[in-house]
Amino acid sequence: MNQNPAASLTRPRNAVVILLDSLNRHLLGAYGATEFETPQIDRFCASALRFDRHYAGSLPCMPARHDILCGALDFLWRPWGSIEVWEDAITYWLRNAGVVTQLISDHPHLFESGGENYHADFQGWDYLRGHESDPWKTAQSECAIGAPLHQVLPGPFPHEYDTNRTWFKREEDFPGPQTMASAARWIDENAGRHQRFFLMIDEFDPHEPFDTPQPWARRYRQAQGADEHQPLLVWPPYAVDAIERGVLTAAQAQELRNNYGAKLSMIDHWLGRVLDAIERNRLAADTAVILCTDHGHYLGERDIFGKPGVPLYQPMVHIPLMIRWPGMAPGRRDMLTTSVDIHATIADIFGVSAAHRTHGRSLLPAIADPGQQVREYLLAGVWGREVHYIDRSHKYVRAPAQANAPLSMWSNRWSTMPQHHVPGRRLLPPDRRARIDFMPGSQVPVLRQPFVEGDLLPLWARNLRFSGNHLWNLDADPGEQTDLAGSALEAEYAHKLHAALLAIEAPDDQAIRLGLGL
């Protein structure tokens, strides 16, 4: 009996990770959806392994990238931040092993306060400018393909984009197309020139703003019979009960969903450039290609839009993962996986390991054998909000027992945590309550700042209204309509969650605020 199914796998020389931000699993043709067209993702999936129980771990954007690049769950210790002094991105270890590393991205949070150092250990990196809150241009161009976006909904949206997008003269100038074109060009210029390489394409689309040029802009609006002269609605509100409370009309809600679909289809089209480059350079025989995302995005499911402070329902946390492996026939994998497992898989491909404590499991055994289980459970969440315990059958959501306290933030790089949507706001500096502690698995002292009820919390944990604990049987109730919280089964899952927090030495205040004791 083969005790190590991964031993029979062909080990690729290279790896390519393609991360599309806010990629909704339930809207991809590869996962059975028909609402929007995603032919290139579907094409890739047809030659890859499709993972059906893959989940986000730390959310939102930068915590998710920390999971992938550092391999350690982030959300239990801090809300958002850079690589810390007790850890290194996997690219540090890859470079030490002689692997050429390249980052190509239009993700503005990677290059601002609170996102420092994720790019620093790549041997090369290319930042394509102009997306969302990128402070790129200081004056508008008068020769753009369209005027600055008309703001249909009031809200604290990044003003930088209205200026930046006037410099996009054609479709090829939009950040997403630029990123994919740059990645295809890098592959053409570097294939065969390096003994081994790791390429990460961190593409911010289809993240908002859901702004696309023609012919994409009206693609799904026309299908719904919308007025083509109406200004595009591209900034979704972060709202619960959005239609019920009048934040959006039903027509506006459909408009936002259509415009997300337009951006999804546009970036899917440009993804084809990267897939073509991989094929024409004959890399399939020795290159693993991983297509993934950080999290989903609510587009009206349960009348929720954006990423507001609600439990992580399936549209947000149940995310796509596809891996094309040299010599491996396409198929499906049903084992439970999460974002830190991508880090462990990359490390396994190249034979490196991190010096800091990590939480991932390599997917190589699961790639080799569809009967292999990677993990029994996973943890997911946003700092300061509910903590989620997910296994193969159930999702348990644990909210604070009373006040959302005590709660601490651990960091030696006290992040300003980007809050461009709230002008003049920044994370408060540590105060006299702070003390020195040690990250699990590390002897590096770290500043631990406590928060109590009444403190101004970082953005993602601010002004929350919790709906209590929830427990869903995901196999029997994938729509999460029948809440089993309060049953005898909840006590069992509360014990499992507490044990999981203890296993990774999560801050003791997490268990206390969740009413689980010490």
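The values are calculated or read from the model by the stated rules, or taken from the named source; none is laboratory data. Here the structure is a predicted model, which is why all the values come from computation and not from measurement. Ideal geometry is used to build each Cβ from the backbone, glycine not excepted, and the neighbour counts take in all protein chains shown. In case anyone asks, the SASA skips ligands and DNA or RNA and just uses the protein heavy atoms, side chains included. Shrake-Rupley method; radii C 1.70, N 1.55, O 1.52, S 1.80 Å.
Brief remarks on what is shown
- Shown for the range 295-377: the carbon plus sulfur share of the solvent-accessible area, taken with all protein chains present and a 1.4 angstrom probe, equals 46%.
- Beta bridges per DSSP, both residues in the chain: antiparallel share near 50 percent.
- Dipole orientation for the chain: of the candidates Pro429, Ala239, Ile187, Ile187 has the Cα lying most toward the positive pole (charges on Cβ; Lys, Arg +1; Asp, Glu -1).
- Pairs of Lys in the chain closer than 20 Å at Cα, counting only those 8 or more apart or on different chains: 5
- Among the GluC sites (Glu not before Pro) found in the range 285-387, those both in a DSSP coil and sparsely packed, with 10 or fewer other Cβ atoms within 10 Å of their Cβ, are Glu376.
- Calculated mean residue ellipticity, 222 nm, the chain: -7000 deg cm²/dmol, from DSSP H runs (n ≥ 4) at -39500 (n - 2.57) each, averaged per residue and rounded to 500.
- Using every pair of distinct Cα positions in the range 308-456, the Kirkwood expression returns a hydrodynamic radius of 18.8 angstrom.
- Between the alpha-carbon centres of the range 248-299 and the range 312-390 there is a gap of 20 Å.
- Per residue value of the accessible surface for the chain (all protein chains in place, 1.4 Å probe), Å²: 38
- Of the DSSP H helices in the chain, those whose Cα atoms cover at least 24 Å axially and whose Kyte score averages -0.5 or more: 250-280
- Test item: Cα-centred dipole of the chain, Lys/Arg +1 and Asp/Glu -1 on Cβ, debye: 680
- FRET efficiency, 1/(1 + (r/R0)^6) with R0 45 Å, evaluated for Arg245 and Leu489 via beta carbons: 0.85
- Candidates Ser487, Asn469, Ala506 compared by Cα position along the dipole of the range 426-514: farthest toward the positive end lies Ala506, with charges placed on Cβ.
- Within-11-Å neighbourhood charge of Asn258 [Cβ basis; K, R +1; D, E -1]: +3
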